[in-house]
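A.B. asks: Have a look at this one.
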Amino acid sequence: MKVLLGLGGTAESTRALSETVERGRAMGDELVIAVLEKPDSPRSSEEMATEAETVVSDAGLDAEIRRLAGDPGPALVDLAEREGFDQVVIGGGTETPMGKIRLGSITEFVLLNASMTVKLVR
């Protein structure tokens with residue numbers, strides 16, 4: 001399967017990275033990791049790119065790591081559409097005290113606009 005992982009600077013993105021790399025190694029997925037520009041994130045795009053390189057290398061997986069500029073949601077959906085990915089994986093969503101999921105703007109954009117399967121890792 002051709003999988004695109006959108007990687008921001010959040011804990012949810014780090015979990016999505018670990019899960020997606022592990023699945024890619026086990027299933028032989030073709031994986032592209034898109035590091036998103038999110039200035040308000042706890043971790044910079046440089047830190048996330050370095051972490052992605054480490055996780056991919058440690059897993060012995062051959063994955064391409066790219067940096068996406070511009071508005072993260074539209075940039076990720078555009079890349080997925082242009083290159084024919086089967087699935088987009090994103091980390092996101094927090095749980096409210098009442099047990100409902102709260103989505104950030106990037107997550108919501110990708111879920112509502114991608115024409116392929118979107119996997120949300122929380």
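Laboratory data are not the source of any read-out in this text; all were calculated from the coordinates shown. Keep in mind that this is a model prediction, so the values were computed, not measured. Here Cβ is always computed from backbone atoms with ideal geometry, including for glycine, and neighbour counts include all displayed protein chains.
A.B. asks: Among [x] -0.46, -0.89, -1.07; [y] -0.68, -0.98, -1.08; [z] -0.38, -0.88, -1.09, find the value of log10 I(q)/I(0) by the Debye sum over Cα atoms at q = 0.12, 0.18, 0.20 Å⁻¹ that was calculated from the structure presented, and write down its label.
C.D. replies: The calculated read-out lines up with [z].
A.B. asks: Taking neighbour counts of Cβ atoms within 10 Å as a proxy for exposure, in what order, fewest first, do THR96, THR117 appear?
C.D. replies: THR96, THR117
A.B. asks: Excluding residues fewer than 8 places away in the same chain, name every one of the lysines whose C-alpha is closer than 22 Å to that of LYS38.
C.D. replies: Output for LYS38: LYS119.
A.B. asks: Here's another thing I want to ask about it. Could you work out which residue, out of ARG43, ARG82, ARG102, moves most in a Gaussian network model of the chain, that is, has the largest mean-square fluctuation with Cα springs under 10 Å?
C.D. replies: Of ARG43, ARG82, ARG102, the Gaussian network model singles out ARG82 as fluctuating most.
A.B. asks: Among GLY93, SER45, VAL56, flag the residue with its Cα farthest along the positive direction of the charge dipole of the chain, charges on Cβ as +1 for Lys/Arg and -1 for Asp/Glu.
C.D. replies: Sorting the options by dipole projection puts first GLY93.
A.B. asks: On to the next question. Going by how many other beta carbons lie within 10 Å of each one, how would you line up LEU31, LEU61, LEU76, fewest first?
C.D. replies: Fewest-to-most ranking of LEU31, LEU61, LEU76: LEU61, LEU31, LEU76.
A.B. asks: If you don't mind, there's one more thing I want to ask. Rank these for me by crowding, PHE109, PHE85, going from fewest to most other beta carbons within 10 Å.
C.D. replies: Going from least to most buried by this count: PHE109, PHE85.
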